[in-house]
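Trainee: Please read through the structure below; I'll follow up with questions.
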Amino acid sequence: MAIELKLDTILKLPLSRRLIILAVINILIAGLFYQFLLSPKQTEISDLRDQSEGLKVKLNESRMIARDIPKFEEEKNELQNKLKEAVAQLPNEKEIPDLIDSISEAGREAGLKILLFKPMSEVSRGFYAEVPVNMAVEGDFESIFLFTKKVGKLPRIVNISGIAITVPKAQLTSRTPTLDATFVTITFRFIPGKGV
């Protein structure tokens, strides 16, 4: 009954006051509607819009990466083929004695007298190992040159380093002196199971 009385009281008020009360009630309802229903949804919409923009950026980046995948796969395959070719030039443990014999044979074929041929301990370098051989030879300059050329044509990788050439004092007056040369030939051996 109290509500009816108040409603009756409001209805008896002049029209301008009734309109003011109606406007205040509508403003109050609109404020509550905005505060509890509309504002949280607008925040959610803003968050979703930000997420959508972030996902669009990631999608564009992913599309660019996806576009380049065939190129990257081609580069990967090319690098794997080059690695296989390089590894093919590294002998395995069974081939090392034959390769060392080939180096020794190249010296004899070049006309060098081999004074020292001493295989050293190999040095591990990851998936391969260096196999050094200390050498001392005697011969003329052309023989030493021919030896280096023959070693360069071997099917496996062989480096010659630290070449020291000397002329014995007794040979200084000779027209074609015999030279003494010392150097290290280094070949390489593939170590199975080390990443290739």
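Trainee: How many residues does the stretch 32-83 contain that are within 30 Å of PRO192 (Cβ to Cβ) and without any contact (Cβ under 8 Å) to a residue 60 or more places away in the chain?
Mentor: Residues meeting the conditions: 11.
Trainee: Out of PRO168, PRO132, report the one residue that is touching a strand residue (DSSP E or B) at 6+ places or on another chain (Cβ under 8 Å), under 30 Å from LYS84 (Cβ atoms) and not aliphatic (A, V, I, L, M).
Mentor: Testing whether each residue is touching a strand residue (DSSP E or B) at 6+ places or on another chain (Cβ under 8 Å), under 30 Å from LYS84 (Cβ atoms) and not aliphatic (A, V, I, L, M) leaves just PRO132.
Trainee: Still on this structure, please answer the following. Looking at GLU61, GLU75, GLU44, which is the one that is modelled with pLDDT of 85 or more, surrounded by 11 or more Cβ atoms within 10 Å (Cβ to Cβ), farther than 22 Å from LYS150 by Cα and not small (Gly, Ala, Ser)?
Mentor: GLU75
Trainee: For the stretch 123-146, what are the residues that are out of contact with any Phe, Trp or Tyr (no Cβ under 9 Å at 6 or more places or on another chain) and under 17 Å from ASP98 (Cα atoms)?
Mentor: Of everything in the stretch 123-146, just one residue is out of contact with any Phe, Trp or Tyr (no Cβ under 9 Å at 6 or more places or on another chain) and under 17 Å from ASP98 (Cα atoms), namely PRO132.
The values are calculated or read from the model by the stated rules, or taken from the named source; none is laboratory data. It should be emphasised that the depicted structure is a prediction, and the values quoted were computed from it without experimental measurement. No Cβ is skipped: glycine too gets one built from the backbone with ideal geometry, and neighbour counts run over all protein chains shown.
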